[in-house]
Amino acid sequence: MAELAGAAGFASAEPSHAVSLGMPENTSRSGRTLCSQCQQEPAKYRCPGCAAATCSVPCVKAHKAANGCTGKRNRAEFVPIAKFDDNQLVSDLRFLEDALVQYDVAKRTRMTLGVRYEAQVCPGFGGFGFRV
């Protein structure tokens, strides 16, 4: 009966192996998460931007095209204190260093173009010596 339903293009009335074993729908028999695109292979990669699981480069590209995902993590996203660890601290430090580099580049560009520049302490940084 299941073969006939599958051949006719209808969904089978039988539950999938994952549901019958009490596992989430997107889990393989081995307990690994299945690819979010093809739903057939175990996932090998996880998208830094949205955490979608994929199995291959073609599935990664299909995921980005279908969902409009950039594949980049939002560096300014809020992280709860319970999930804040040394890696997050280093990431935040690099984010701030990148912001300072961009500020310095903009400052030099303004000076090169002859735009008058007046240094003022930025009140948003609580007087840490950052100048705008």
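The values are calculated or read from the model by the stated rules, or taken from the named source; none is laboratory data. All values derive from a computational prediction rather than experimental measurement. Heads up, the Cβs are rebuilt from the backbone with ideal geometry, glycines too, and the neighbour counts pull from every protein chain shown. Ligands, DNA and RNA are stripped out before the accessible areas are found, and what is left, the full protein with its side chains, is counted by its heavy atoms. Shrake-Rupley method; radii C 1.70, N 1.55, O 1.52, S 1.80 Å.
Some values worked out for this structure:
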item: Flag for A76 being of a type outside the set (F, W, Y), exposed (fewer than 11 other Cβ atoms within 10 Å of the Cβ), modelled with pLDDT of 85 or more and out of contact with any Ser or Thr (no Cβ under 6 Å at 6 or more places or on another chain); result: no
item: Hits in region 50-95 - residues which are small (G, A, S), in a loop (DSSP other than H, G, I, E, B) and without any contact (Cβ under 8 Å) to a residue 12 or more places away in the chain; result: A51, G68
item: Filter result (out of contact with any helix residue (DSSP H, G or I) (no Cβ under 9 Å at 6 or more places or on another chain) and at pLDDT below 90) within region 50-63; result: A51
item: Hits in region 34-49 (condition: in a loop (DSSP other than H, G, I, E, B), over 23 Å from D98 (Cβ atoms) and of a type outside the set (S, T, N, Q)); result: C35, C38, E41, A43, K44
item: Failed item, numbered, when L93 is tested on (1) modelled with pLDDT under 90; (2) open to solvent by 70 Å² or more (accessible area, probe 1.4 Å); (3) not small (G, A, S); result: (1)
